Amino acid sequence: MKKLTESELIIRDCSILTADFDIKHKQSIVIKDSTILAVDDASLIDEAYQSMSSIDGKGKLFMPGFVDAHMHTCQQLLRGRIADEYPMIWTRIMVPFESNLREEDVHISAQLSSLDMIKSGTTAFVDAGGTFMHKVAETAIQSGLRGTITCSTMNSGNQIPENMKSTEAELLKRNTQLYNEFHGLGDGRLNVWFSLRSIISCTPSLITKVFEKAKELNTGVQSHMNEYPNEISFCLENFQKRPFEFLESLGVLDSNFLSAHSILLSENEIDIIKNFDVKVAHCPISNAGKGIPKTPNLLQKGITVGIGTDGAAHSGLSVFDEMKTFKSLMRAFWGTPIFDPMVMPAKKLLELATLGGAKAMLQDDHFGTIEVGKKADLIGINIDQPHIQPTHNLVNSLVESVNSTDVSDMIVNGQVIMKNREVLTLDEEKIMFESNLAMESMSLRAGI
């Protein structure tokens, strides 16, 4: 009798989203040592593998987990506050909020955002940075999610309160300490990068030293870039260069840089991004009020693009919502004038939301697609529902019809962290109760 290969988990008889972003039915996925050991027809897997644990995949589609390539865990307590507000939201609301954050606020916000991401299908995230980031690190490890975190880095700007700014030495020390304490923890799920909050809030000297330190530690750098017109004006007035031209002149750009937003790009800046293999994260819902990114041009040039939510303050943490919005924005702004309904097809959107995000995190060799040898970072979607089935094209329906609440299961690094909508790593009821208290207290302190 043939001896069956042992594994830790088998997802049996499911549909899958392949590495080519097509659909295969009646498949099984074998997981062992945090990685995908085999993917094949369900009958063949049954003949070759056995496991003590299994998930019934009937009526479900398993696909790579979403990657939120730009978000703010600390802004969860701002949900619903900045919509329909006149400018400048940053100075009137965001700064008072962030400057009044306490350690316990960051902790509950990180827990709430982790819970939100798990229940909406996001297995990995890039946090743009804030204060008390050790609490974000601890929560990410506890939640089971995969994350890239950093400290908020600011040392200049008339509109930035003094308690949000620090000296170069303090900023570098704080981020380096976070790196030393948490980089690689959670069985390798947590990475620590360095950051610039924005060019407006960082001096040229600090910018240079942040990149130098990141290169020394062989880790990434992220920043908000080309998001607002005043950011462009600042660079032109002070350096006679646009933001990316200025960074190029400093000699700091390389392939480990993630540029968030990247809406207001000149053609020369796009060439700079291409030449240095800079990664880009668009946040469709948040960005829609500021401009439409030149995504078709970026993709045509082979530039890596991921999708971010920009945090709950702007749009919630649903990558499904971002994809739907992005498809409409791209079709209306870029497709309609030239009659190109395929300007942003569903396959490409799914690729940006999964593999594109993994590339933005500099980890596409490890996750982002369902392939043997990659980390088992997967989500299961209940597709046996009247708003999804029947369908002529399930790939299209994943973007057009599926919602966050359809996510039934989540596996990260081979560990099941949600099963049939029950989160196994966090106390949902306790987090929801404490979040309501924290939001009320924060609003009173910040006067927002």
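Each row is one residue, and each column tells you yes or no for (1) touching a residue at least 40 places away in the same chain (Cβ under 8 Å); (2) over 25 Å from residue 68 (Cα atoms); (3) touching a Ser or Thr at 6+ places or on another chain (Cβ under 6 Å); (4) surrounded by fewer than 20 Cβ atoms within 10 Å (Cβ to Cβ).
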{"site": "185", "(1), (2), (3), (4)": "yes, no, no, yes"}
{"site": "190", "(1), (2), (3), (4)": "yes, no, no, no"}
{"site": "196", "(1), (2), (3), (4)": "yes, no, yes, no"}
{"site": "206", "(1), (2), (3), (4)": "yes, yes, no, no"}
{"site": "215", "(1), (2), (3), (4)": "yes, no, no, yes"}
{"site": "234", "(1), (2), (3), (4)": "no, yes, no, yes"}
{"site": "256", "(1), (2), (3), (4)": "yes, no, no, no"}
{"site": "262", "(1), (2), (3), (4)": "no, no, no, no"}
{"site": "272", "(1), (2), (3), (4)": "no, no, no, yes"}
Residue hits (the range 370-392; open to solvent by 60 Å² or more (accessible area, probe 1.4 Å), under 21 Å from residue 349 (Cα atoms) and either of a type in the set (A, V, I, L, M) or without any contact (Cβ under 8 Å) to a residue 24 or more places away in the chain (or both)) are 387, 389, 392
Conditions (1) in contact with a Pro (Cβ under 9 Å, 6 or more places away or on another chain); (2) touching a residue at least 40 places away in the same chain (Cβ under 8 Å); (3) of a type outside the set (Val, Ile, Thr): number failed by residue 362: (1)
Determine, yes or no, whether residue 398 is open to solvent by 10 Å² or more (accessible area, probe 1.4 Å), closer than 29 Å to residue 37 by Cβ and not in a strand (DSSP E or B). no
Answer with yes or no whether residue 344 is touching a residue at least 24 places away in the same chain (Cβ under 8 Å), farther than 22 Å from residue 125 by Cα, in contact with a Leu (Cβ under 9 Å, 6 or more places away or on another chain) and open to solvent by less than 10 Å² (accessible area, probe 1.4 Å). yes
Only one of (1) open to solvent by 30 Å² or more (accessible area, probe 1.4 Å); (2) within 23 Å of the chain's Cα centre (by Cα); (3) farther than 20 Å from residue 273 by Cα; (4) not hydroxyl-bearing (Ser, Thr, Tyr) does not apply to residue 173, and that is (2)
So residue 224 passes all but one of these: (1) in a helix (DSSP H, G or I); (2) in contact (Cβ under 8 Å) with a residue 60 or more places away in the chain. Which condition number does it fail? (1)
Across the range 80-124, the tally of residues that are modelled with pLDDT of 85 or more and assigned to a helix (DSSP H, G or I) stands at 18
Just wondering, is there one or more residues in the range 82-98 that are acidic (Asp, Glu) and over 21 Å from residue 162 (Cα atoms)? yes
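The values are calculated or read from the model by the stated rules, or taken from the named source; none is laboratory data. Please read all numbers here as calculations on a predicted model, not as lab measurements. In this analysis, Cβ positions are derived from the backbone assuming ideal geometry, glycine residues included, and neighbour counts consider all displayed protein chains. Areas reflect the complete protein model, heavy atoms only, side chains present, ligands, DNA and RNA absent. Shrake-Rupley method; radii C 1.70, N 1.55, O 1.52, S 1.80 Å.
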